[in-house]
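FYI, it's all coordinate maths here, none of it is from the lab. Remember, it's a predicted structure, so these values are computed and weren't measured experimentally. When we count neighbours, we look across all protein chains shown, and the Cβ atoms used for this are built from the backbone with ideal geometry, even at glycine.
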Amino acid sequence: MRSTNPVFKSIRKEQEENISDIRVTSNTSTYKGIALKTIILALITIITGASSLILLDKAPNLVIGVLLTGGIISFIAVMVGTRSTKMAMPMSILYAFIQGVVYGTITLLIQTIPGFEGVGIIALTATLTIFLVMMVLYYTGVVKASPLLVKIVIGTLIASILATFVIFIIGLFAPAFIASIQANVPLMLLVGVVFIILGALMLAMDFANADAVVKSYAPKEYEWQVTLGFMVTLVWLYVQILRVLIILLNRRD
């Protein structure tokens, strides 16, 4: 089963290369292990996100630097964690910690704006709700990670990346063009909703890949890579939901 998530792509490739070494033992991946590690990483992200208030209070001048550095470190953590099962655990924890700091800080800054109080809790609740709903839909067979679904998601991702790149290039020469797009509230809402749906479908494919890891009796170390994959998708969902909420609250004013 293919996935748009780079973490699961790496797991699948490594499994194919080492399939002869896979044995059924007590040291193989399990659903319980994946669930426990997912909860641990989610709690790390939430707790560090809430603790970002300390950064804003004690060192507000460092916020921009922390956000930029955090983005780079997160990218490196995912790249290393997806390519090394031995490094998956520390890289997963590092990713969860850094993402909590980065998006916790951003969320807290947004919530200082009148009318945006509590937006972070709403976005977090919506993210967890979508995760649980997609898990139920997937394991009850209502939603399946079919080849057609994979093609649709991959195609949409590629199209969005290309569109973003083209818009960025045009914006360098015509800033007014970017401003006109951002001012188009219906369009921005539509894009945001599409990205949320895309994230939900990515979860379905992530569940399918997690299934593949467990059912192929992959070593227990793979649980961290699976969990890291879920975190990448969940962070994507949180950001898209937060963006839609911001647009809606601005429109209300």
Residue-span extension gain [Glu221 to Ser160] - 0.36 nm each, minus C-alpha spacing
18.6 nm
Along each of the three principal axes of the Cα atoms of the range 17-252, give the extent in whole Å, ordering the values from largest to smallest.
58, 45, 33
About the Cα centre of the range 120-253, what is the dipole size in debye to 20, counting +1 per Lys and Arg Cβ and -1 per Asp and Glu Cβ, all else neutral?
220 debye
Considering only Cα-Cα distances, which of the following residue pairs are longer than 29 Å: Lys86/Lys215; Lys86/Lys144; Lys32/Lys86?
Lys86/Lys144
Treating only the Cβ atoms of Lys and Arg (+1) and Asp and Glu (-1) as charged, compute the dipole magnitude of the chain about its Cα centre; round to the nearest 20 debye.
320 debye
Can you work out the Karplus-derived ³J(HN,Hα) for every residue in the range 199-204? Use 6.51 cos²θ - 1.76 cosθ + 1.60 with θ = phi - 60°, whole Hz, and x for glycine or proline.
x, 5, 5, 4, 5, 4
Given a Förster distance of 22 Å, report the FRET efficiency between Lys86 and Thr30 from their Cβ-Cβ distance, rounded to the nearest 0.05.
0.70
Considering the options Ser84, Tyr95, Pro175, tell which one lies farthest towards the positive end of the dipole of the chain, charges being +1 on Lys and Arg and -1 on Asp and Glu at the Cβ, about the Cα centre.
Ser84
Using the alpha-carbon centroid of each, what span in Å lies between the range 84-140 and the range 51-65?
19 Å
Multiply the residue separation of Gln111 and Phe75 by 0.36 nm, subtract the distance between their alpha-carbon atoms, and state the gained length in nm to one decimal.
10.4 nm
Classify the range 135-253 as rounded, prolate or oblate from the Cα gyration tensor: take a ≥ b ≥ c as the square roots of its eigenvalues, call it rounded if a/c is under 1.5, otherwise prolate when a/b beats b/c and oblate if not.
prolate
How tilted is helix 63-83 with respect to the longest principal axis of the chain? Cα atoms for both, answer in degrees (0 to 90, nearest 10).
20 degrees
Using +1 at the Cβ of each Lys and Arg and -1 at the Cβ of each Asp and Glu in the range 120-253, identify which of Val232, Thr125, Val166 lies farthest towards the dipole's positive end.
Val166
1/(1 + (r/R0)^6) with r = Cβ-Cβ of Ile121 and Leu190, R0 = 22 Å, i.e. FRET efficiency to nearest 0.05, evaluates to 0.30
Go ahead and collect, in residue order, the members of the range 219-253 whose backbone nitrogen is under 19 Å from a label point 7 Å along the Cα-Cβ direction of Ile167.
236-251
